[in-house]
Amino acid sequence: MNRRSLPVRWGRFLASGVVGIAVWHFMAVSVVRNPLFLPTPVAVLVSAIETIRSGELFSDFKISLTYFAVGSALGFAGGVVLGVLLGASQKIADYIDPWVSAAYTAPLVALTPLLIIWFGIGLWSKTIIIALLVVFPVTIGTVAGIRSTDRSLLEVATSMGAGRLDVLRKVMVPWALSFILSGARIGVGRGVIGIFVAELFGGASKGVGLMITNAASVFNTPLLFVGIIVLAVMGVAVTGGLRYLERRMAPWRTQSIV
Amino acid sequence: MSMDLRVDGLGVAFPRTGAGPLTVLDRVSFEVQQGQFVALVGPSGCGKTTVLRCMSGLQALSAGRIAIGGRPIAGVDRRVAMVFQSDSLFPWRTVTGNVAFGLEVRRYAAARAAAIVQDLVELVGLAGFERAYPHQLSGGMRQRVNLARALAVDPEVLLMDEPFSSLDMLTRESMQLELQRIWLQRKKTVLFVTHQIEEAVFLADRVLLMSRRPGTVRADVAVPFARPRSTRDRHTPEFHALVDGLAESLGAELADQGSAGKPVPALNA
């Protein structure tokens, strides 16, 4: 990895953003030339300012953020617990592994209508679909971390007289932390998709996902873009926060795992 | 009561698929008096490390017994502590946290553990680095932490498995002096595995020479030099004579392809 100073790297991020928006503008104005298909960045910005002024964006965002926060927290906690169990015990892993693999690859969003029948159209059905999308990447990351624990560290602990629980708490879980956070980063991406799907099928009355759906149905393309960008920015912010956390909590690892 | 270490007919064999068991150690017997520093040298793959692993409970014995002060060691034993080869520190723990590990898992009271830890951090010369993480330390400093971590649990016998093998020569020699200083203060029984004869002679009261696999103790050589030994002692003719004699025996051991039982050249110990 390039170890240039931060200002240089921030400069690159900025340049990438500027060029990206310029290309977008060029495409909209010179190639597509139909604001219904592709609005200009300026049109999207104007639309964003409008929805922010009306207070609509904020109230929608608050709802979506609540679903996302509760769902992700549930998924993360569940993933860590499940991952630790699977990583620590081969016996449990033999029983549960196939189910985790199946659930990770299965299109769980398809369960949304069913979850709404089970849990109603309120907060729970939406948070549960998000939690289901987050839980398995975290589980898989945790298991990978626990199982990759350095053998010599395990031997140090064992030879000092550490019991199974101490080995787990004081060696395996701290070792696995980076892997857990990597799993969480993948989970966050899936969770953002979960917001949209949950609100789309979930009979939501508010939310960014619903805003996107409504905008699409009336061909308000700029507003559709505003919704997507809001969700993307949220995803990037959370992912960046997790990356920061990983660097702070595992400074001995020179590079992120994912 | 004396806490002599006694190894009696120690044998270790690993099962193999498609062949008979692989005998790694065969009837290894020796005694180490309480407070003595004994080095274990031998060709690579002779099972030196396996001897230590048996004592620390990481390797099951196939035969024989190990006892400290007459009481046998079975499995992980609180009376021994091991200094592992480099990079076996917990990277998420500070110097203090690493040294405290054994005390934590043995459920020492926090205040008592903190006092022991501080004492040891100072003993190994890391005062001022208490809050540093392993990745911020040099190789030599990491081995100081490693040593302090093992000493913290106050073992009867300290096992050291090539602790300086990954250090450069200058650091290595200064760490040998440091180890001698610390050992003279704490007077632990030490069993030190190395493949460097010079290191063994400089540090130890006795050098045990092991044979090729299956490993067994071929020679037991006393090192008569007074302590504390200094770098100057490395350059005396007596020192060289002892190192050369051992090197010759080790060379004979390496050349001795498969004909176990052939006598090694006599050593004037």
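Could you list, in sequence order, all residues of region A:42-73 that are surrounded by 15 or more Cβ atoms within 10 Å (Cβ to Cβ) and among the polar types (S, T, N, Q)?
If the condition is that a residue be surrounded by 15 or more Cβ atoms within 10 Å (Cβ to Cβ) and among the polar types (S, T, N, Q), then A:47, A:51, A:64, A:72 are the ones that fit.
Filtering region B:54-73 down to residues that are polar (S, T, N, Q) and within 12 Å of chain A (Cβ to nearest Cβ), which residue is nearest to residue B:192 (Cα to Cα)?
Looking at the filtered set, the residue picked out is B:56.
Pick out, from region B:23-135, the helices (runs of 4 or more DSSP H) lying fully within it that include 1 or more residues that are of a type in the set (S, T, N, Q) and farther than 30 Å from residue A:250 by Cβ.
By residue number, B:48-55.
Return the pair list, or none, for Cβ contacts closer than 9 Å from residues in region B:143-170 that are within 12 Å of another protein chain (Cβ to nearest Cβ) and under 15 Å from residue B:182 (Cα atoms) to residues that are among the polar types (S, T, N, Q) and assigned to a helix (DSSP H, G or I), at least 6 apart or on different chains.
Going by the 9 Å Cβ cut-off, the qualifying pairs are B:145/B:98; B:146/B:98; B:149/B:98; B:159/A:159.
Could you list, in sequence order, all residues of region A:152-174 that are at the interface with chain B (Cβ under 8 Å from one of its Cβ atoms) and part of a helix (DSSP H, G or I)?
Result: A:152, A:153, A:155, A:156, A:157, A:158, A:159, A:166, A:170, A:171, A:174.
Can you say whether residue A:13 is in a loop (DSSP other than H, G, I, E, B) and of a type in the set (A, V, I, L, M, F, W, C), as far as the supplied structure shows?
When the stated conditions are applied, residue A:13 does not pass them.
Against the definition (closer than 28 Å to residue B:252 by Cβ, within 14 Å of chain A (Cβ to nearest Cβ) and β-branched (Val, Ile, Thr)), how does residue B:49 come out, yes or no?
Considered against the rule, which asks whether it is closer than 28 Å to residue B:252 by Cβ, within 14 Å of chain A (Cβ to nearest Cβ) and β-branched (Val, Ile, Thr), residue B:49 comes out as yes.
Being buried (at least 24 other Cβ atoms within 10 Å of the Cβ), in contact with a Ser or Thr (Cβ under 8 Å, 6 or more places away or on another chain) and assigned to a helix (DSSP H, G or I) is the filter here; which residues of region A:186-210 pass it?
Result: A:187, A:188, A:191, A:195, A:198, A:199, A:208, A:209.
Of everything in region B:74-101, what is buried (at least 22 other Cβ atoms within 10 Å of the Cβ), among the aliphatic types (A, V, I, L, M) and more than 9 Å from chain A (Cβ to nearest Cβ)? Give them in sequence order.
Residues satisfying the conditions are B:83, B:95, B:99, B:100.
Does region A:166-176 contain any residue that is surrounded by fewer than 17 Cβ atoms within 10 Å (Cβ to Cβ) and either of a type outside the set (Gly, Ala, Ser) or in contact with a helix residue (DSSP H, G or I) (Cβ under 8 Å, 6 or more places away or on another chain) (or both)?
yes
For (1) in a strand (DSSP E or B); (2) of a type outside the set (S, T, N, Q); (3) touching a Cys at 6+ places or on another chain (Cβ under 7 Å); (4) at positive phi, each residue gets a yes or a no:
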residue	(1), (2), (3), (4)
B:179	no, yes, no, no
B:191	yes, yes, no, no
B:200	no, yes, no, no
B:209	yes, yes, no, no
B:212	no, yes, yes, no
B:221	yes, yes, no, no
B:226	no, yes, no, no
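Among the listed residues A:149, A:139, A:105, identify the single one that is more than 12 Å from chain B (Cβ to nearest Cβ) and either buried (at least 20 other Cβ atoms within 10 Å of the Cβ) or within 28 Å of residue A:247 (Cβ to Cβ) (or both).
The match here is A:139.
A quick yes/no check of all residues on (1) among the acidic types (Asp, Glu); (2) without any contact (Cβ under 8 Å) to a residue 60 or more places away in the chain; (3) touching a strand residue (DSSP E or B) at 6+ places or on another chain (Cβ under 8 Å):
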residue	(1), (2), (3)
B:181	no, yes, no
B:187	no, no, no
B:190	no, no, yes
B:202	no, yes, no
B:208	no, no, yes
B:213	no, no, yes
B:216	no, no, yes
B:220	yes, no, yes
B:223	no, yes, yes
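Out of A:18, A:80, A:29, I need the residue that is touching a Ser or Thr at 6+ places or on another chain (Cβ under 9 Å) and at pLDDT 95 or above. Which one?
Residue meeting the stated conditions: A:80.
For every residue, the table says whether it meets (1) in contact with a strand residue (DSSP E or B) (Cβ under 8 Å, 6 or more places away or on another chain); (2) farther than 19 Å from residue A:240 by Cα; (3) not polar (S, T, N, Q).
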{"site": "A:10", "(1), (2), (3)": "no, no, yes"}
{"site": "A:22", "(1), (2), (3)": "no, yes, yes"}
{"site": "A:34", "(1), (2), (3)": "no, yes, no"}
{"site": "A:44", "(1), (2), (3)": "no, yes, yes"}
{"site": "A:76", "(1), (2), (3)": "no, no, yes"}
{"site": "A:89", "(1), (2), (3)": "no, yes, no"}
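Say whether the condition of being assigned to a helix (DSSP H, G or I), closer than 21 Å to residue B:147 by Cα and at pLDDT below 90 is met by at least one residue in region B:245-255.
No, every residue in region B:245-255 fails to be assigned to a helix (DSSP H, G or I), closer than 21 Å to residue B:147 by Cα and at pLDDT below 90.
Just to check your reading of the model, which residue among B:129, B:164 is crowded, with 21+ Cβ neighbours inside 10 Å, at pLDDT 90 or above, out of contact with any Leu (no Cβ under 6 Å at 6 or more places or on another chain) and of a type in the set (Phe, Trp, Tyr)?
On the way: B:129 fails: crowded, with 21+ Cβ neighbours inside 10 Å.
Answer to the selection: B:164.
Just to be sure, is residue A:196 touching a Gly at 6+ places or on another chain (Cβ under 9 Å), in contact (Cβ under 8 Å) with a residue 24 or more places away in the chain, aromatic (Phe, Trp, Tyr) and within 14 Å of chain B (Cβ to nearest Cβ)?
No.
Looking at A:177, A:223, A:231, which is the one that is touching a residue at least 24 places away in the same chain (Cβ under 8 Å) and within 14 Å of chain B (Cβ to nearest Cβ)?
A:177
Does any residue in region A:51-79 that is touching a residue at least 24 places away in the same chain (Cβ under 8 Å) come within less than 8 Å, Cβ to Cβ, of a residue that is surrounded by 17 or more Cβ atoms within 10 Å (Cβ to Cβ) and of a type in the set (Phe, Trp, Tyr) six or more places away or on a different chain, and which pairs are these?
A:79/A:136
Could you run through region A:120-163 and say how many residues are more than 27 Å from the chain's Cα centre (by Cα) and touching a residue at least 24 places away in the same chain (Cβ under 8 Å)? Walk me through it before giving the result.
Looking only at region A:120-163, we keep the residues that are more than 27 Å from the chain's Cα centre (by Cα), and these are A:150-163.
Then keep just the ones that are touching a residue at least 24 places away in the same chain (Cβ under 8 Å); that gives A:150.
Number of matching residues: 1.
The values are calculated or read from the model by the stated rules, or taken from the named source; none is laboratory data. All of these numbers come straight from a predicted model, not from anything done at the bench. Methodologically, a virtual Cβ is constructed for each residue, glycine included, from the backbone with ideal geometry; neighbour enumeration extends over all protein chains shown.
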